[in-house]
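Here, each number is a calculation from the coordinates, and none is a lab measurement. Everything numeric in this text was worked out from a predicted model, so none of it was measured. Backbone-built Cβ (ideal geometry, glycine too); neighbour counts: all protein chains shown.
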Amino acid sequence: MDIILVPGFWLDASSWDEVTPLIVEAGHRVHPLTLPGLESRDAPRADIGLRDHVEFVAARVDALDGDVVLVGHSGGGAVIHGVADLRPDRIARAIYVDSGPQPEGEPINDELPPDGDEIPLPPWDTFTEMDLVDMDEAIRADFEARAVPQPIRVATDGISYADDRRLDVPATIICCEFPSQVLRDAIEAGDAWAAEVGRLREVEYVDLPTGHWPQFTKPRELARLIVEALERH
């Protein structure tokens, strides 16, 4: 399978470097992406919105033959769900890594502290303890060295959908910072933040206990779960 890997905020294609070898070893082709505005710390970001990221990934789908698997980490989960809305017939499976699809009209995160038209990586004490499980000093230092400011509108734009066939795209949700049962309970309770997840017609939940960045803290385990999700289906 062709697997497109979409990073979360502040990260580029290299953030998947420890994950991709095992996926390739299993016989798949990987396409880790650097999204617009994340090319470098000096890249222009003022005019880049969430829709630009969605359309950028959709164009990469169009450039490949046959069905494609999308993997989205964190904010990348909203991006790949937007792509499933644009290209529902091309997506064999969407794999959400500590993420999930956003409800209609909701932003990914409009509470992060901005600096002009971008959002720099915040101080670590901005994040919760659950976010930072297994994030030792070496991993944090590496993250800081590679971090690129996020275009602000990618975080604050509300997402819009047009094709309910996106809900037919099979999904795997890999839950890291909290157990999958929390998500199941939120769906059952009708919590608004989980509404779009609850509408997915074929979804499985997998637990990978660690912090919010398993591509750094447990890369081999994350790669194994991605490969196993494809082998099951």
More than 26 angstrom apart: percent of Cα pairs within the chain: 31
Residues Ala192 and Ala43, FRET efficiency given R0 of 41 Å [Cβ-Cβ distance, rounded to 0.05]: 0.75
Rough spin-label spacing in nm, given labels placed 7 Å along Cα→Cβ, for Ala63 and Arg184: 4.0
Convex hull volume of the range 57-129 per residue (C-alpha atoms, cubic angstrom): 119
Cβ-based net charge around Pro149, under 11 Å, with every Lys or Arg adding one and every Asp or Glu removing one: -2
Counting DSSP beta bridges with both ends in the range 106-233, the antiparallel % (nearest 5): 40
Kyte-Doolittle mean at least -0.5, axial Cα span of 27 Å or more - DSSP H helices of the chain: none
Cβ-defined net charge surrounding Asp47, 15 Å radius [Lys, Arg +1; Asp, Glu -1]: -3
Built amide H within the under 5 Å cut-off of Glu204, gap 5+: Ala171, Thr172, Ile173
Debye intensity ratio I(q)/I(0), log10, the range 129-233, q values 0.21 Å⁻¹ (C-alpha model): -1.27
Gain in span if fully extended, Glu231 to Trp124, counting 0.36 nm per residue against the direct Cα distance: 34.9 nm
Additional length obtainable on full extension of the chain from Tyr205 to Ser14, 0.36 nm per residue less Cα span: 66.1 nm
Environment charge of Ala13, counting only residues whose C-beta is closer than 14 Å and scoring Lys/Arg +1, Asp/Glu -1: -2
Gain upon complete extension [Asp117, Ala138; 0.36 nm per residue less C-alpha separation]: 4.6 nm
Estimated vicinal HN-Hα couplings, Hz - the range 117-124 in sequence order (Karplus 6.51, -1.76, 1.60; Gly, Pro = x): 9, 9, 10, x, 4, x, x, 4
Evaluated over the range 22-151, the Cα radius of gyration and Dmax, each in Å: 15.9, 44
The chain: antiparallel DSSP beta bridges as a percent of all, rounded to 5: 10
Cα-projected label distance for Arg146 with Arg51, points at 7 Å along beta-carbon direction, nm: 3.1
